[in-house]
Amino acid sequence: MNIGFWLCGILIIPFAMIGVLFAIFKEKAAQFVSGFNSLSKEEQALYDKAYISRDVRNQCFTWAAIMLIGAVLSYFLTPYMAIPAFGIWLVLFFKDVHFDPHKAFEKYLLK
């Protein structure tokens with residue numbers, strides 16, 4: 001049993017599903033972004049919700065693609081190819097983690 005293939009393969013599904021949901025619901029899906037939903041309605045009006053949704057959609061599709069590449073390489077080469085896939089994913093994930101919602105969404109402010 002190729003554990004690297006299965007670990008990467010299982011994560012493709014939720015990442016792709018979340019990306020599709022953000023692609024379908026566009027601005028309305030911004031309510032599901034952690035931190036943004038805790039802002040007041042007045043504060044939320046200051047941000048570009050379409051840009052937030054598009055950015056989360058692209059992140060999820062990128063993560064799904066990384067896991068797909070990791071799964072394929074794990075299947076055909078060696079199960080250890082899942083390790084770099086998870087490493088790349090972790091770097092990309094923690095690059096966008098902020099504990100202050102205002103700092104996290106400052107690039108989405110309407111000008």
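Derivation of every value follows stated rules applied to the coordinates shown; laboratory data play no part. Every value quoted in this text rests on a predicted model; they were computed, and no experiment measured them. Positions of Cβ are generated from backbone atoms using ideal geometry, with glycine treated the same way; all protein chains shown enter the neighbour counts.
A few remarks follow.
- Of the residues contained in the range 65-84, one or more are found to be among the hydroxyl-bearing types (Ser, Thr, Tyr) and surrounded by 13 or more Cβ atoms within 10 Å (Cβ to Cβ).
- From ALA29, ALA65, residue being touching a residue at least 24 places away in the same chain (Cβ under 8 Å) and at negative phi: ALA29
- Yes/no for ALA30 being within 14 Å of the chain's Cα centre (by Cα), small (Gly, Ala, Ser) and within 26 Å of ALA85 (Cβ to Cβ): no
- Scanning the range 44-84 for residues that are in contact with a Gly (Cβ under 9 Å, 6 or more places away or on another chain), closer than 25 Å to ILE24 by Cα and among the hydrophobic types (A, V, I, L, M, F, W, C) yields a count of 7.
- The C-beta contact set for the range 2-20 (first residue within 15 Å of PHE93 (Cβ to Cβ), second residue surrounded by 15 or more Cβ atoms within 10 Å (Cβ to Cβ) and of a type in the set (Lys, Arg), distance under 8 angstrom, 6+ apart or interchain) comprises GLY19/ARG57.
- Filtered residues of the range 25-64 (kept if among the charged types (D, E, K, R), touching a Lys or Arg at 6+ places or on another chain (Cβ under 9 Å) and loosely packed, with under 15 Cβ neighbours inside 10 Å): LYS26, GLU27, LYS28
- Summed over the range 26-61, residues that are closer than 20 Å to VAL97 by Cβ, touching a helix residue (DSSP H, G or I) at 6+ places or on another chain (Cβ under 6 Å) and not in a loop (DSSP other than H, G, I, E, B) total 10.
- Selection of the range 87-100 for residues being in contact (Cβ under 8 Å) with a residue 12 or more places away in the chain, part of a helix (DSSP H, G or I) and surrounded by fewer than 17 Cβ atoms within 10 Å (Cβ to Cβ) yields ILE88, LEU92, PHE93.
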